[in-house]
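Here the structure comes first, spelled out in structure tokens, and everything after it is commentary.
The values are calculated or read from the model by the stated rules, or taken from the named source; none is laboratory data. Keep in mind it's a predicted model, so treat the numbers as computed, not measured. Ideal geometry is used to build each Cβ from the backbone, glycine not excepted, and the neighbour counts take in all protein chains shown. Areas reflect the complete protein model, heavy atoms only, side chains present, ligands, DNA and RNA absent. Shrake-Rupley method; radii C 1.70, N 1.55, O 1.52, S 1.80 Å.
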Amino acid sequence: MEMAHKDHLLAAVHRLLGVATLVLCLIAELSVLVLHLHAALYLVPVCAMLLLLRRSGLRADINLVDFAYLRPPRRLRVTTPGLLEHFRLIGCFDDASVEFMSRVVEASGMCDETYFPAPLHRIPPSATHADAVEEAGALFFPTLDDLFAKTGVPPSDVGALVVNCSGFCPAPSLASVIVNRYGMRGDVKAFSLSGMGCAAGVVGVDVARGVLRAHVGAVRYAVVVSAEIVTVGWYAGKDPSKLLLNCVFRTGCAAALLSNTVVAAAAPAKYRLVALTRTNLAADDRGYASALREEDDEGITGFTIGRGLGGVARDLLRAHLPSLGAEILPWHEKLRYAAALVRFHFSRRQSSSKKLPVKDVHDAVPKPMPNFLAAANHLCLPASGMPMIRKLAEGLGLGEREAEAALGTFQRFGNQSASSLWYQLAYHEAKERVRKGDRVWQLGMGSGPKANSAVWERVVADGGGAAAPAADEGPWGDCVYRFPVREQPRSEFD
């Protein structure tokens with residue numbers, strides 16, 4: 001409570017100084033008028049007021065102090081042979097469902113070091129409310145303990161907490177679970193986001209950014225927690241479109257500490273938020289129904305992944321990328337892309353005048369793409385599966401090298417929903433690739449459908465509190481150079 005009182009006192013002092021400066025400017029203006037002083041002296045208080053208004057109108061920069069991500073205990077490890085045997089032994093799947101999930105798992109490219117929560121290791125699996133609450137604690141508390149230890153910022157200094165978990169929304173909320181565990185202050189601004197899908201991590205950053213800017217001085221730090229409670233997503237039915245989540249979703253959790261730069265921070269920041277863009281196409285019926293949680297014909301609840309999801313993702317990116325590009329692309333790339341578009345439309349018009357088939361016109365004149373590598377040095381993409389990652393990278397005009405973090409993260413940890421973007425940022429750091437001044441683009445895509453992007457700029461030099469993990473530290477510490485595995489099994493699912 002003492003820290004909360006101190007923050008409010010500092011905010012009140014800042015406001016009081018602003019009012020006092022404004023009053024002094026007005027008094028100076030009246031004095032010039034009453035005493036008939038030189039007209040040029042009018043400019044002094046006017047300039048002072050303009051500087052005050054400009055300063056008050058400036059938005060605070062949002063910094064990423066540091067982040068932490070979970071490596072579950074080894075006893076929760078899931079090997080591919082073990083998982084396939086598990087499917088056969090638990091008794092809730094018929095032979096066709098077991099065969100389908102076996103083919104998906106074997107073709108997925110995931111290694112034998114992904115993790116399931118403890119309740120799903122049981123025979124039969126347990127997916128009760130109590131199991132989900134237990135899993136939440138097993139995810140949140142080790143990750144937050146690591147974050148507070150790394151940054152040196154105590155929980156009592158945190159003025160805002162945002163927790164995003166798509167499939168589990170208990171009462172009290174997941175944010176309240178964390179507030180209770182760490183005894184956070186009474187005026188902490190706590191938010192729980194549910195149903196936001198794999199794009200929820202950037203939404204959490206956006207909410208924290210709004211709080212930090214709206215309460216400058218009163219709130220110095222905000223924590224964003226991204227996780228998925230896999231227990232409640234387990235599906236024990238026979239619908240193939242709902243069985244996919246059993247095959248690729250795995251345990252993961254990440255927590256990020258954000259701050260504003262108006263108030264001096266005790267912990268130095270590693271990254272600065274350059275841009276944040278959100279696109280939501282939930283108004284489109286086809287996109288809205290492409291991925292949703294519902295009951296099957298037997299009344300068993302599961303998450304349905306529609307067959308048209310690839311087309312929805314393509315349309316979503318077409319709507320999202322122009323907004324993002326306008327914000328982050330440098331002028332020379334914008335001009336190059338504009339010129340390429342002009343040439344593209346001119347060439348297509350010439351091809352159409354030759355009365356070629358529409359397909360031949362599209363093949364002969366491919367549509368140009370902006371070069372997002374001109375605005376971002378490192379990329380963190382949706383780690384939803386190997387084929388989807390490769391198709392997304394191809395659609396963005398990227399190669400295997402740019403998609404490496406997403407491919408390696410999926411191979412090592414599986415689909416961890418929103419938290420996978422932070423595992424990918426840690427992958428770049430663990431390979432010592434991120435230098436001062438580099439920009440990292442985090443792209444999240446989730447149900448709704450929605451696409452959200454955050455672009456971060458590294459603001460500390462190498463070794464400035466951001467060294468790569470040692471061989472026995474961090475989830476990537478002892479294995480990062482083994483990923484991504486270049487040779488992937490091929491099947492009909494690729």
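Couple of notes before you dig in:
- Among residues of region 282-303 that are free of Cβ contacts under 8 Å to residues at least 24 places away in the same chain and under 12 Å from residue 448 (Cβ atoms), none has a beta-carbon under 6 Å from a residue that is of a type outside the set (Phe, Trp, Tyr) and not in a loop (DSSP other than H, G, I, E, B) at least six positions away or on a different chain.
- Residue satisfying condition, being assigned to a helix (DSSP H, G or I), surrounded by 18 or more Cβ atoms within 10 Å (Cβ to Cβ), touching a residue at least 24 places away in the same chain (Cβ under 8 Å) and not aromatic (Phe, Trp, Tyr), within set 179, 205, 274, 223: 205
- Candidates 100, 93: the one that is among the aromatic types (Phe, Trp, Tyr), part of a loop (DSSP other than H, G, I, E, B), out of contact with any Asp or Glu (no Cβ under 7 Å at 6 or more places or on another chain) and over 17 Å from residue 71 (Cα atoms) is 93.
- Test for residue 190: is it open to solvent by 40 Å² or more (accessible area, probe 1.4 Å), assigned to a strand (DSSP E or B) and within 20 Å of residue 68 (Cα to Cα): yes
- Positions within region 180-207 being within 22 Å of residue 137 (Cβ to Cβ), among the hydrophobic types (A, V, I, L, M, F, W, C) and under 22 Å from the mean Cα position of the chain (by Cα), in sequence order: 190, 191, 193, 196, 200
- Scanning region 169-183 for residues being modelled with pLDDT under 95, out of contact with any Ser or Thr (no Cβ under 7 Å at 6 or more places or on another chain) and of a type in the set (A, V, I, L, M, F, W, C) gives a total of 1.
- Scanning region 137-153 for residues that are open to solvent by 10 Å² or more (accessible area, probe 1.4 Å), at pLDDT below 95 and either part of a strand (DSSP E or B) or not small (Gly, Ala, Ser) (or both) returns 150, 151.
- The set of residues in region 54-88 being modelled with pLDDT under 90 and assigned to a helix (DSSP H, G or I) consists of 54, 55, 56, 57.
- Residue check for residue 112: open to solvent by 10 Å² or more (accessible area, probe 1.4 Å), under 20 Å from the mean Cα position of the chain (by Cα) and charged (D, E, K, R): no
- Qualifying residue in region 227-238 (condition: of a type in the set (D, E, K, R) and in contact with a strand residue (DSSP E or B) (Cβ under 6 Å, 6 or more places away or on another chain)): no
- When residue 243 is tested against (1) part of a helix (DSSP H, G or I); (2) within 22 Å of the chain's Cα centre (by Cα); (3) within 28 Å of residue 123 (Cα to Cα), only condition (2) is not met.
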